[in-house]
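S.K.: Here it is, the structure, as structure tokens.
The values are calculated or read from the model by the stated rules, or taken from the named source; none is laboratory data. Being a predicted model, the structure only gives us computed values, none of them experimental. Methodologically, a virtual Cβ is constructed for each residue, glycine included, from the backbone with ideal geometry; neighbour enumeration extends over all protein chains shown.
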Amino acid sequence: MTVANQNVFPTMRRCTACGSLRFYPKPLCPACHDAKSEAAQVNGQGELYSFTVVHRAPTRELKAEAPYIIALVDLDEGVRVTGRLIMPEGRTPRCGDRVRLVAGGQSFAIFESIDREII
Amino acid sequence: MMRAAAAIVGTGESRIGVVPDRTSMELIADAAAQALENAGLTFKDVDGLLTTPSRVEGWPMPCVVVADALGLKPSYFATVDVAGASGTSMIHQAAMAVATGACSTVLCVAGQSLLSGMSRGGAIASMATRGSAAHAELEQPLGPPIPALYALVAQRHMHEYGTTHEQMAQVAVEMRRNAGLNPNAHMREPITVEDVINAPMITSPLGRLDCSLVSDGAGAVIVTTPERARNLNGQPVWLLGAGYGLGHAWVGDSGSLTTTAAVASGADAYRGASISPSDIDFACLYDCFTITVIAELEDLGFCPKGEGGAFVESGGIARSGILPVNPHGGLLSAGHSGVPAGIFHVIEAARQIRQEGGDRQLERVSTALVHGNGGIIGVHCSLILGGADAL
């Protein structure tokens, strides 16, 4: 299952001058400084760059959700995105794991591992 | 900037740790008064002022509010806001100000009542939300406490280089051992590697003892011209080199989280001072988390990339090691009052060079590297300081 559309990554833009993708909102292309860009879609699969399992949430509202995993994912299109990662009970992720988008939360993307050993 | 165009001539600290009887501004005044006394100067001699923002107070135009409270009408003033790099950056900005003739004597002062003014939990929640180092739209909704953002660095460093939690823990152990010799340190009870490993997990792989403290405290440094520095009684500490590095604003927007822009800040500082890492006698490195020190040791050239963990494990940063680090105990044990705390690393370096280290004085130290790191290992300012022997 792949849920890949611009509702999940509404800030994803492609520079119309040099073609670079950017996830963080910026008025100029970080690669060529051109101001023109267009909305871009991504497939939602990639590699886990890094992650952390948050045990101590910073605010009262978040404490009920802990533990939760925050992830940085290098998408196959060559752009890094942020999201949460869900794992099967008792399994821990590793940097370099293949992951895919399973859902867009209210305000962030949710990934799952597609490592064959785990599934 | 020209080598030795300005000098540090005085340092001061408020009480650091749990100081519920002093407001942020009183802590700042305490540190400023001690620094001026240490220099043999008075508030009347100050014609420049630099400070940092205060999370606790949220002052508008902090430099103006602080100048007003201290009764100063400086001819040069500014608020330096590069997060954890502000402490080192203030010294460089002050040196530029006196070198250009904008003023002659700069009070660099910063501090706040982070613990007593906000509570530990309040400070942690504030840092994760209001004016957070996490991107408001793309990172804050994920719920990262600040340690989670550095945990991303640590996890990747472990993956790429085999760095272990035991190696990171050794950083915390050394800082606590050093703090035991510092009467003004917040936490002085010795800890072991096992204590660090078994501490409550905050955000993997970082446990509570991998994270800096939440403390009250302020620090102050007086920077002046070479002429005035030579006419004062104390030994001047010369600014021999400085450099900046800008990697990224947001943790998810970095190319690499394991090789940082400290490479650039360090290279510029060494070039300015015409020295190399092997000429450095000791270092004061920004230690907001244990992993930060390991990355800095590598990127500032004290060991090859990926060998920071082994360097620490072999005793490299201990008082008796080849590069003593943070003899005062750092942010991990001496105290961390938020953004202002980067100035404590400068103060310790200057005190050691001036032989004012008391029980923790290192032997034969004339040249130090001081490093400030801000954001999520994205913003860097390195200084090289030296005494008369280093000129």
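S.K.: Restrict the check to the stretch B:58-65 and report whether at least one residue is in a loop (DSSP other than H, G, I, E, B), on the phi < 0 side of the Ramachandran plot and in contact (Cβ under 8 Å) with a residue 40 or more places away in the chain.
M.R.: no
S.K.: Tell me, please, whether a residue that is surrounded by fewer than 19 Cβ atoms within 10 Å (Cβ to Cβ) and closer than 14 Å to A:V54 by Cβ can be found in the stretch A:93-116.
M.R.: Within the stretch A:93-116 (the criterion being surrounded by fewer than 19 Cβ atoms within 10 Å (Cβ to Cβ) and closer than 14 Å to A:V54 by Cβ), the answer is no, since none of the residues qualifies.
S.K.: Here's another thing I want to ask about it. Have a look at B:G84, B:G58 and point out the one that is surrounded by fewer than 21 Cβ atoms within 10 Å (Cβ to Cβ) and either under 17 Å from B:P340 (Cβ atoms) or at pLDDT 95 or above (or both).
M.R.: B:G58
Yes or no, residue by residue, for (1) of a type in the set (A, V, I, L, M, F, W, C); (2) within 20 Å of the chain's Cα centre (by Cα); (3) at positive phi:
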position: B:A67; (1), (2), (3): yes, no, no
position: B:P74; (1), (2), (3): no, no, no
position: B:A78; (1), (2), (3): yes, yes, no
position: B:M96; (1), (2), (3): yes, yes, no
position: B:G101; (1), (2), (3): no, no, yes
position: B:C108; (1), (2), (3): yes, yes, no
position: B:A125; (1), (2), (3): yes, no, no
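S.K.: Is it the case that some residue within the stretch A:41-48 is closer than 22 Å to A:G83 by Cα, at the interface with chain B (Cβ under 8 Å from one of its Cβ atoms) and not basic (K, R)?
M.R.: No, every residue in the stretch A:41-48 fails to be closer than 22 Å to A:G83 by Cα, at the interface with chain B (Cβ under 8 Å from one of its Cβ atoms) and not basic (K, R).
S.K.: Moving to a separate point now. Looking only at the stretch A:59-74, decide whether some residue is of a type in the set (D, E, K, R), within 12 Å of chain B (Cβ to nearest Cβ), under 20 Å from B:V251 (Cβ atoms) and within 11 Å of the chain's Cα centre (by Cα).
M.R.: Yes, the stretch A:59-74 has at least one match.
S.K.: All but one of (1) facing chain B (nearest Cβ under 8 Å); (2) surrounded by fewer than 19 Cβ atoms within 10 Å (Cβ to Cβ); (3) out of contact with any Pro (no Cβ under 7 Å at 6 or more places or on another chain) hold for A:H55; which doesn't?
M.R.: Failing condition for A:H55: (3).
S.K.: Is it the case, given these coordinates, that A:V99 is modelled with pLDDT of 95 or more and touching a strand residue (DSSP E or B) at 6+ places or on another chain (Cβ under 6 Å)?
M.R.: Yes: the conditions hold for A:V99.
S.K.: Tell me which residues, restricted to the stretch B:190-243, are away from chain A (no Cβ under 14 Å), in a loop (DSSP other than H, G, I, E, B) and of a type in the set (A, V, I, L, M, F, W, C).
M.R.: Hits for the stretch B:190-243 are B:I191, B:L213, B:L232.
S.K.: Can you pull out the residues in the stretch B:58-77 that are small (G, A, S) and in contact with a strand residue (DSSP E or B) (Cβ under 6 Å, 6 or more places away or on another chain)?
M.R.: Correct list: B:A67 only.
S.K.: Could you say which residue among B:Q155, B:Q167 is crowded, with 20+ Cβ neighbours inside 10 Å, assigned to a helix (DSSP H, G or I), touching a strand residue (DSSP E or B) at 6+ places or on another chain (Cβ under 7 Å) and modelled with pLDDT of 95 or more?
M.R.: B:Q155
S.K.: Restricting to the stretch A:85-117, count the residues that are of a type outside the set (K, R) and part of a loop (DSSP other than H, G, I, E, B).
M.R.: Qualifying residue count, the stretch A:85-117: 16.
S.K.: Criterion first (of a type in the set (G, A, S) and outside any helix (DSSP H, G or I)) does B:S132 satisfy it?
M.R.: yes
Quick grid of which residues meet (1) surrounded by fewer than 20 Cβ atoms within 10 Å (Cβ to Cβ); (2) touching a His at 6+ places or on another chain (Cβ under 7 Å); (3) at pLDDT 95 or above:
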position: A:F23; (1), (2), (3): no, no, yes
position: A:Q45; (1), (2), (3): yes, no, yes
position: A:S50; (1), (2), (3): no, no, yes
position: A:E65; (1), (2), (3): yes, no, no
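S.K.: Would you confirm whether any residue within the stretch A:10-31 is more than 14 Å from chain B (Cβ to nearest Cβ), farther than 20 Å from B:A136 by Cα and touching a residue at least 60 places away in the same chain (Cβ under 8 Å)?
M.R.: no
S.K.: Right, B:S333: free of Cβ contacts under 8 Å to residues at least 60 places away in the same chain and not hydrophobic (A, V, I, L, M, F, W, C) or not?
M.R.: In short, no.
S.K.: I'd like to verify a number: residues in the stretch B:102-141 that are surrounded by fewer than 24 Cβ atoms within 10 Å (Cβ to Cβ) and at the interface with another protein chain (Cβ under 8 Å from one of its Cβ atoms), how many?
M.R.: Here the count works out to 9.
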